[in-house]
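For reference, the structure discussed in these notes is given below.
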Amino acid sequence: MSSPFRPPSLSALLLAPLLLAGCSSLLGRTPPSPEPELEDEPTVTVTLLHVNDVYQFTPVDFGDRGGLARLSTLRKKVLAESPHTLFLMAGDTLGPSVESTVHKGKQMIDAWNALGLDYAVLGNHEFDFGPDVLRQRIKESHFTWLGANVIDKETKRPFADTPPFVIREVGGVKVGLFGVLLGKTKYSSKPGPNVYFTDTCAKAREVVPLMKAQGAQVIVGLTHLFVAEDKTLARCAPIDVIIGGHEHILMQAVSNGTPIVKMSSEARELGRVTLHVGTRSGKLRSMDFDVLPVTPDVPEDTAFTAAMHPYDALTAELSEPVGRTSVPLDANEQANRNHETNLGSFIADAYRQAAGAQVALINGGAIRSDSVLRPGPLTRRDVLAIHPFPDSVVSIEVTGAVLLQALEHGVSRSAEEADPGRFPQVSGIHYTFDVCRPVGERIVSASVNGEPLDARRTYTLATNSYISGGGDGYTMFKGAKYQVAPKQGRTTQEVLRAAFASAPTIVPATDGRIRRLRAGAHDVATTDEEIPISCPIGARAAH
């Protein structure tokens, strides 16, 4: 997935020095006076290295960032300086990725085994290939998976018998770790009917006292949650530090005195948390935070590279060029789930042309790369990163009334979620919606090929087989008459590859086919902090 590093937000940059100075300053509290007998107490240092949301072992951003061979070098360097070190991964690695379309995440298990990972929490994408594949990947792992709130309905125990928590003695310090992940995994991935997710707060209240009773001196929450959920978790039980993932953005925060730290994604940087624990009291005296960039300045670990040689042929194949772009292609997840993008419009146009349809509608969540592709060559990897799933391009017959219903459904979570996967990218359609209007009444206007949408007219609609089968809640399409059925249509990957190759270089652009309003005024894409959307009083009740 070739995307440029997304720099931390201004708030993250401002928080970083405060975290380094101590969490109490963030909370406006006066640090407690040290107990007299502990003022001169010597400490032992324990280091926690961490990454999250790492989908490929090769570098990203055209080689500028990431790469687990470099990460391995950094880990060995830290180990030489601080032998009391644990290496943690805060979820999401088995999918989705280009390599995982072939190997179903086995290549990442091989990579983490070679790297020397100690603990990982299950992420939502660990379930992308179903529970049986995940069980196999867990068996292949030389490290320990955690997921205390992931329960097997048949055994009533944590999924795949992963431990509810572990207590690891490091340098004489008993470090307790537990892992939890977001409950929406039940719907966003494929855990199967026999797996359910319990409340993370209740689970923390259950396991943290048990960890302390068994001698844990430092409590670490390894999570794959939204940061708002991490903040809630910190208020549920006494946790010394939360190391999280999921957002793909470098984050630092504090809740109830508990620091929360996350790296971005694809091992663009390595997080380091340094714990200073009193040798006599066993109490956590202080913490330091650091971020180590993973760049070409870091040499690759030859031992790691040798361990990954079985994947050399696939890596070379994925590097083959299939086209060229003269402009950046916006495949960012949040952008494609909130407003028109040049890539979203380009793909919808390609579907429409391939299916010979009058209009096209695709879910923004079908654009998976979460990257910005720079001007230059487009490769097989880029195609598969954007469309990793084996859907086909289909054409169905729908009335204008059903099409309007689909558009309403597509924007029905735009005020409530930061990245609703159902958001409709379109071709042959222009529509305006207002996030401050009631659900079901957010479409302000809609036209088809320059004419007002006619509720009684029948249109041919190109989409993917996932949506035509009712995926992402588009149930209004189920049972529609197919002009091009799933088994007849070309795969979404084939259509995109052909579209990339359709000209010596492509120049996709936005043209205003989607207009987003907030209470009648032009609205920009949302950020996590703006969810739910702020609207004038009474705006959502107005008709």
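Things worth noting here:
- Complete set of residues in segment 210-245 that are outside any loop (DSSP other than H, G, I, E, B), open to solvent by 10 Å² or more (accessible area, probe 1.4 Å) and closer than 23 Å to residue 126 by Cβ: 227, 228, 229, 232
- So residue 180, is it under 20 Å from the mean Cα position of the chain (by Cα) and at pLDDT 95 or above: yes
- Segment 518-539, subset modelled with pLDDT under 60 and within 23 Å of residue 340 (Cα to Cα), residue surrounded by the fewest Cβ atoms within 10 Å (Cβ to Cβ): 529
- Complete set of residues in segment 349-373 that are outside any strand (DSSP E or B) and under 23 Å from the mean Cα position of the chain (by Cα): 364, 365, 366, 367, 368, 369, 370, 371
- Residue within segment 15-32 that is at pLDDT 55 or above and either part of a helix (DSSP H, G or I) or among the small types (Gly, Ala, Ser) (or both) present: no
- The set of residues in segment 374-413 being closer than 18 Å to residue 498 by Cβ and either part of a helix (DSSP H, G or I) or without any contact (Cβ under 8 Å) to a residue 60 or more places away in the chain (or both) consists of 377, 380, 381, 382, 383, 384, 385, 386.
- From 122, 86, residue being closer than 24 Å to residue 241 by Cα, hydrophobic (A, V, I, L, M, F, W, C) and surrounded by 24 or more Cβ atoms within 10 Å (Cβ to Cβ): 122
- Among (1) part of a loop (DSSP other than H, G, I, E, B); (2) at positive phi, the one test that residue 155 misses: (2)
- Which listed residue, of 428, 400, 489, 471, is within 25 Å of residue 371 (Cβ to Cβ), surrounded by 16 or more Cβ atoms within 10 Å (Cβ to Cβ) and of a type outside the set (A, V, I, L, M): 471
- Residue in segment 170-191 that is in contact with a strand residue (DSSP E or B) (Cβ under 6 Å, 6 or more places away or on another chain), among the aromatic types (Phe, Trp, Tyr) and open to solvent by 40 Å² or more (accessible area, probe 1.4 Å) present: no
- Cβ-Cβ under 9 Å pairs, at least 6 apart or on other chains, segment 225-246 side on the phi > 0 side of the Ramachandran plot, far side open to solvent by less than 10 Å² (accessible area, probe 1.4 Å) and in a loop (DSSP other than H, G, I, E, B): 246/52; 246/53; 246/90; 246/91; 246/92; 246/123; 246/182; 246/225
- For segment 325-343, the criterion of a residue being touching a helix residue (DSSP H, G or I) at 6+ places or on another chain (Cβ under 6 Å), under 13 Å from residue 493 (Cβ atoms) and not hydroxyl-bearing (Ser, Thr, Tyr) is satisfied by no position.
- Failed item in (1) closer than 17 Å to residue 119 by Cβ; (2) part of a loop (DSSP other than H, G, I, E, B); (3) without any contact (Cβ under 8 Å) to a residue 24 or more places away in the chain, with residue 267 passing the rest: (3)
- Members of segment 311-330 found to be assigned to a helix (DSSP H, G or I) and touching a residue at least 12 places away in the same chain (Cβ under 8 Å), listed by number: 311, 314, 315, 317, 318
- Answer residue from segment 73-125, given it is assigned to a helix (DSSP H, G or I) and of a type in the set (Gly, Ala, Ser) and is farthest from residue 138 (Cα to Cα) among those: 80
- Contact map, segment 480-502: residues that are farther than 23 Å from residue 344 by Cβ paired with residues that are of a type in the set (A, V, I, L, M, F, W, C) and open to solvent by less than 80 Å² (accessible area, probe 1.4 Å), Cβ distance under 6 Å, separation 6+ or inter-chain. Pairs shown: 482/396.
The values are calculated or read from the model by the stated rules, or taken from the named source; none is laboratory data. On a predicted model such as this, the values are computed, not experimentally measured, just so you know. Neighbour counts are summed over all protein chains in view; Cβ atoms, including those assigned to glycine, are modelled from backbone coordinates with ideal geometry. Calculation scope for accessible area: heavy atoms of the full protein, side chains included, ligands and nucleic acids excluded. Shrake-Rupley method; radii C 1.70, N 1.55, O 1.52, S 1.80 Å.
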